[in-house]
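The values are calculated or read from the model by the stated rules, or taken from the named source; none is laboratory data. Just so you know, these numbers come straight off a predicted model, no measurement behind them. A quick note on method: Cβ atoms are made from the backbone with ideal geometry, for glycine too, and the neighbour counts reach across all protein chains shown.
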Amino acid sequence: MNKFQTLVVVAGLALIPAIAVAQSKSGASGVSPEQRKAFEGVIKDYLLKNPIIIRQAIEALRTQEEAAKKAQAAAALKTHKDQLFYDKTSPVAGNPKGDITIVEFFDYNCGYCKRAAPTLKAVMKKDPNVRIVYKEFAILGPKSIIAARAALAAQRQGKYQEFHDGLMTGQADEDSIAALANSLGMDYAKLRKDMGDPKINQVLQNNYQLATTLGINGTPAFVIGERLVPGAVGVAALTQIIKEERAKMKAGK
């Protein structure tokens, strides 16, 4: 909502009590054009003399929208918990039986995702009880979709993590996919065939729908316990979030 729209909203809200008072006093079913013009003039003059109210309205609206988004996301996290944490089509890293799970929505052509990859590795190395669930969220174009399909196809040859790491540290296009598959000793013909499997495309569609439901529209995005964390975070911040979510889990038992 821009400032002009907010001004209209503020003016409209201010008109409501004034109109109600006028109607109750006169018993009229409506407000005359003259009355309406007078009301609007008073509101306009007031806002021009007190423009800070517009800023306050914008800030209040933003705060309300953020609170609503968080509440909606929290409800969605609970509703889709199984799909988030236990979907068998999603690759898993770290400790499969870890006491806390980090779900990452990512795109292989996202620079911030590439920066986040070493962070996740560091956290897994530091904390042996962390479980990672990868959600391929290819939103940056055709090359990203091809890379995501290739990674999921690599999973069928038991090479997902190596393939994932390779795409995160290098380019994510058809040439790099072929080179990476050869360097890992994979059956490239099988990889290409599996990439075209409709089941893999369905996985990508499911991930996209899940992300949309959770209000995720960018990468990377993490779900840790009951918290949605948008954007890349450092090792220290991620470690602290894990600590806090673990504490919540223990308190809830």
- For segment 54-69, indicate whether the set of residues that are touching a Phe, Trp or Tyr at 6+ places or on another chain (Cβ under 9 Å), closer than 19 Å to Gly225 by Cα and not β-branched (Val, Ile, Thr) is non-empty. no
- Message: When you scan segment 60-79, do you find a residue that is over 27 Å from Ala232 (Cβ atoms) and of a type in the set (A, V, I, L, M), even just one?
- Response: yes
- Query: Where residues in segment 200-242 are exposed (fewer than 12 other Cβ atoms within 10 Å of the Cβ) and over 22 Å from Thr89 (Cα atoms), which of them is farthest from the chain's Cα centre (by Cα)?
  - Reply: Ala236
- Is segment 67-79 home to any residue that is at pLDDT 80 or above and not hydroxyl-bearing (Ser, Thr, Tyr)? yes
- Task: Quick one: which helices (runs of 4 or more DSSP H) lie wholly within segment 67-180 and hold at least 3 residues that are on the phi > 0 side of the Ramachandran plot and surrounded by fewer than 17 Cβ atoms within 10 Å (Cβ to Cβ)?
- Result: none
- Task: Identify all residues within segment 41-55 that are surrounded by 13 or more Cβ atoms within 10 Å (Cβ to Cβ) and not β-branched (Val, Ile, Thr); write none if there are none.
- Result: Tyr46, Leu47
- Task: Go through segment 199-253 residue by residue and tally those that are part of a helix (DSSP H, G or I) and either under 22 Å from Gln155 (Cα atoms) or among the small types (Gly, Ala, Ser) (or both).
- Result: 18
